[in-house]
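A short write-up of the structure that comes next.
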């Protein structure tokens with residue numbers, strides 16, 4: 001019984017740790033593609049995509065689409081699947097979640113694993129150091 005309670009506590013702590021790494025105590029912004037903005041009378045964008053994870057489990061996604069920055073909002077949650085896999089759910093999409101720190105830079109990888117026949121889709125993000133609410 002004690003082992004089961006300890007295992008549940010550890011599982012909760014791992015989920016909390018992943019949520020804390022995603023959002024910090026307020027929010028954190030993760031960049032998938034750096035924004036390249038255009039100058040001129042109608043300022044717009046050429047490319048870019050970023051995800052702002054908030055501690056209240058709101059995700060704000062900014063994407064450059066057709067020369068304009070489009071913002072959408074989703075809900076997110078983190079859970080464990082088995083003993084190893086951390087799952088990030090964004091709206092109705094599920095991703096395997098991985099973190100890495102290399103040379104002082106935090107990065108995150110999201111993977112979609114559809115089935116054994118389809119290839120894994122992966123998305124690599126970097127933490128935007130200036131985009132954190134801690």
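Annotations
- Model label points for residue 130 and residue 39, set 7 angstrom from Cα along the Cα-to-Cβ axis, are 1.7 nm apart.
- Rel. contact order, % - alpha carbon contacts under 8 angstrom, at least six apart, region 2-132: 19 percent
- Least to most buried among 71, 60 (fewest other Cβ within 10 Å first): 71, 60
- Rounded FRET efficiency, nearest 0.05, which uses the C-beta distance separating residue 118 from residue 61 and R0 of 30 Å: 0.80
- With a Förster radius of 22 Å applied to the C-beta separation of residue 111 and residue 80, the computed FRET efficiency comes to 0.90.
All of the numbers you see were taken from the coordinates with simple rules; none came from a lab. Note that the structure is predicted; figures quoted are calculated from it, not measured. In this analysis, Cβ positions are derived from the backbone assuming ideal geometry, glycine residues included, and neighbour counts consider all displayed protein chains.
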